[in-house]
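Colleague: Submitted below is the structure of interest, expressed as structure tokens.
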Amino acid sequence: MFPRVILACLVLLSAPYWALYAQAASGGSIPSWAERIDGFRLADTVRGELRTSGDGEEASLVVGGATVSKARAAYSAEPLATDALFVAALASDESGPTILSAAREIDKRNSLIGLSLLQMEAQRNATEGVLALVDQLTRVRPQLAPQFVSVLSKSLAEENSLPLLEQALATNPAWAASFWRKVPKESASLTHFVNLREKISPPADLTSERSLLQALIGFERFEKAFELHTEFQKRNDTGLSYPPLDWQLTQTRDVQARQTSGSNYALFIQRDTAGKIAEKLVQLEPGEFRLLGELSTRQGEAKLSAELRCATNNGNQTWPARAEFSSARWSISRGSCQYAWLTVSGSAWNSSLNFDGTIKGLDFEKK
């Protein structure tokens, strides 16, 4: 992950310099400072000569021998040309950390040097150092906060790092929003992430809340997902939805569903086609459940059906899975699934026209 973070930031940070190089190479004029400060200009050129090797986790930056010589020349000409030190550090396994630390003292705004030090701190699980660097880097380059906080994902897996993370997040630092949006994909880290979130109570953010619910559902942590879903709904009064705990609507060429207001939905089904209209995760308990809704037609013909199926493999399904939309009823016995996927599908196979209509009052309730 770390090499990819540095490579991504390298591209973003290099863009202004490439424009300058192109103008100079084409014979155009360049700023007077670029004419005078040869060390800076040579350092920029050196950074542009870096190449990548490998893919994914194996990606690395490659520094050629001629490039290293240019980097030393650039630093000799201009001691503040810290990009030259960054390149020199990459080429030195033993002295690299020392060079980077010295370069950081010279220029705390050099994001590439900061990222390299961030990588080293993360690799040795130095959470306190990681947090300090993430805070500094985010202040300098707030647009790169998502890349910076990705390094903190590793810290979430370490029990002894959690108090430091909690202390830092309690002050709502500049990188906090990016951190909450970076929901972990590992089970243990996700547990720690949720615990931190409950202690900190970060400001409402639809993107992070939706991502968190989807991650919990992916790990089949349905109880926690429903608990947080209730909390999120209480905090917002704008009717925001959180699929798939709220209806997840289909938007394809053949089938389209769109919420118009409340529990009312506009529906389109291409003639001679069929498909899923909407789906949501529901919580069950012993008793009678029914799916409410009234289908009205503006054009064409369509038949709707509903299906209820266990969300877990170890659930005991004791009800008929599929039912006609107008009479969708399920009797849930004790010991049946506690969580299930409810799917509404539609068919316009027998329609001579594209179906255009509405579903009013769509709701799943216990009688």
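The values are calculated or read from the model by the stated rules, or taken from the named source; none is laboratory data. The shown structure was predicted, so the numbers you read here are calculated from the model rather than taken from an experiment. Because the Cβ atoms are built from the backbone with ideal geometry, glycine has one as well, and the counts that use them run over all protein chains shown. All accessible areas refer to the heavy atoms of the entire protein, side chains included, with ligands and DNA or RNA removed. Shrake-Rupley method; radii C 1.70, N 1.55, O 1.52, S 1.80 Å.
Colleague: Do we find a residue being under 30 Å from the mean Cα position of the chain (by Cα) and not in a loop (DSSP other than H, G, I, E, B) anywhere in region 313-331?
Modeller: no
Colleague: Which residue, of Gly335, Gly361, is small (Gly, Ala, Ser) and farther than 30 Å from Phe219 by Cβ?
Modeller: Checking each option against the conditions leaves just Gly361.
Results for (1) closer than 25 Å to Gln214 by Cα; (2) assigned to a helix (DSSP H, G or I); (3) at pLDDT 90 or above, shown as yes or no for each residue.
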{"site": "Glu105", "(1), (2), (3)": "no, yes, no"}
{"site": "Arg109", "(1), (2), (3)": "no, no, no"}
{"site": "Met120", "(1), (2), (3)": "no, yes, no"}
{"site": "Gln147", "(1), (2), (3)": "yes, yes, no"}
{"site": "Leu162", "(1), (2), (3)": "yes, yes, yes"}
{"site": "Ala168", "(1), (2), (3)": "no, yes, yes"}
{"site": "Thr171", "(1), (2), (3)": "no, no, yes"}
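Colleague: Among the candidates Ala225, Ala266, which residue alone is touching a strand residue (DSSP E or B) at 6+ places or on another chain (Cβ under 8 Å) and in a strand (DSSP E or B)?
Modeller: Every option except Ala266 fails the conditions.
Colleague: Sort out which residues of region 280-300 are out of contact with any Pro (no Cβ under 6 Å at 6 or more places or on another chain), touching a residue at least 60 places away in the same chain (Cβ under 8 Å), in a strand (DSSP E or B) and not basic (Lys, Arg), and write them in order of number.
Modeller: Val282, Gln283, Gly287, Glu288, Phe289, Leu291, Leu292, Gly293, Glu294, Leu295, Ser296, Thr297
Colleague: Oh, and also: Determine, yes or no, whether Leu362 is surrounded by fewer than 17 Cβ atoms within 10 Å (Cβ to Cβ) and either in contact (Cβ under 8 Å) with a residue 40 or more places away in the chain or touching a strand residue (DSSP E or B) at 6+ places or on another chain (Cβ under 6 Å) (or both).
Modeller: The answer is no for Leu362.
Colleague: Take the residues in region 250-263 that are over 17 Å from Leu342 (Cα atoms) and not in a loop (DSSP other than H, G, I, E, B); name whichever of them is most open to solvent (accessible area, probe 1.4 Å).
Modeller: Going through the qualifying residues, I end up with Arg258.
Colleague: Please indicate, with yes or no, whether at least one residue in region 237-249 is part of a strand (DSSP E or B), open to solvent by 20 Å² or more (accessible area, probe 1.4 Å), farther than 30 Å from His192 by Cβ and of a type in the set (S, T, N, Q).
Modeller: no
Colleague: Related question: Answer yes if at least one residue in region 182-196 is among the small types (Gly, Ala, Ser), in a helix (DSSP H, G or I) and touching a helix residue (DSSP H, G or I) at 6+ places or on another chain (Cβ under 9 Å), and no otherwise.
Modeller: So far as region 182-196 goes, yes, one or more of its residues are among the small types (Gly, Ala, Ser), in a helix (DSSP H, G or I) and touching a helix residue (DSSP H, G or I) at 6+ places or on another chain (Cβ under 9 Å).
Colleague: For a quick check of your reading of the model, give me the residue pairs whose first member lies in region 215-238 and is free of Cβ contacts under 8 Å to residues at least 60 places away in the same chain and over 16 Å from Leu281 (Cα atoms), whose second is surrounded by fewer than 18 Cβ atoms within 10 Å (Cβ to Cβ) and hydrophobic (A, V, I, L, M, F, W, C), with beta-carbon atoms closer than 6 Å and at least 6 apart or on different chains.
Modeller: Qualifying pairs under 6 Å: Arg235/Ala204.
Colleague: Here is a further query. Suppose we keep only residues that are open to solvent by 20 Å² or more (accessible area, probe 1.4 Å) and hydroxyl-bearing (Ser, Thr, Tyr) within region 60-103. Which one would you say is modelled with the highest pLDDT?
Modeller: Selected residue: Thr98.
Colleague: Here is a further query. Could you go through region 197-212 and let me know if any residue there is open to solvent by 70 Å² or more (accessible area, probe 1.4 Å) and on the phi > 0 side of the Ramachandran plot.
Modeller: yes
Colleague: Yes or no: region 10-27 includes at least one residue that is of a type outside the set (S, T, N, Q), exposed (fewer than 11 other Cβ atoms within 10 Å of the Cβ), under 34 Å from the mean Cα position of the chain (by Cα) and at pLDDT 55 or above.
Modeller: No, region 10-27 contains no residue that is of a type outside the set (S, T, N, Q), exposed (fewer than 11 other Cβ atoms within 10 Å of the Cβ), under 34 Å from the mean Cα position of the chain (by Cα) and at pLDDT 55 or above.
Colleague: Shifting gears a bit: Considering region 179-190 alone, what residues qualify as being open to solvent by 10 Å² or more (accessible area, probe 1.4 Å) and either at pLDDT 95 or above or not polar (S, T, N, Q) (or both)? Spell out how you get there, then give the answer.
Modeller: Taking region 179-190 first, the residues open to solvent by 10 Å² or more (accessible area, probe 1.4 Å) are 180-183, 185-188.
Correct list: Trp180, Arg181, Lys182, Val183, Lys185, Glu186, Ala188.
Colleague: Give the residue that is least open to solvent (accessible area, probe 1.4 Å), with candidates limited to residues of region 213-222 that are outside any helix (DSSP H, G or I) and closer than 22 Å to Glu158 by Cβ.
Modeller: My answer is Arg221.
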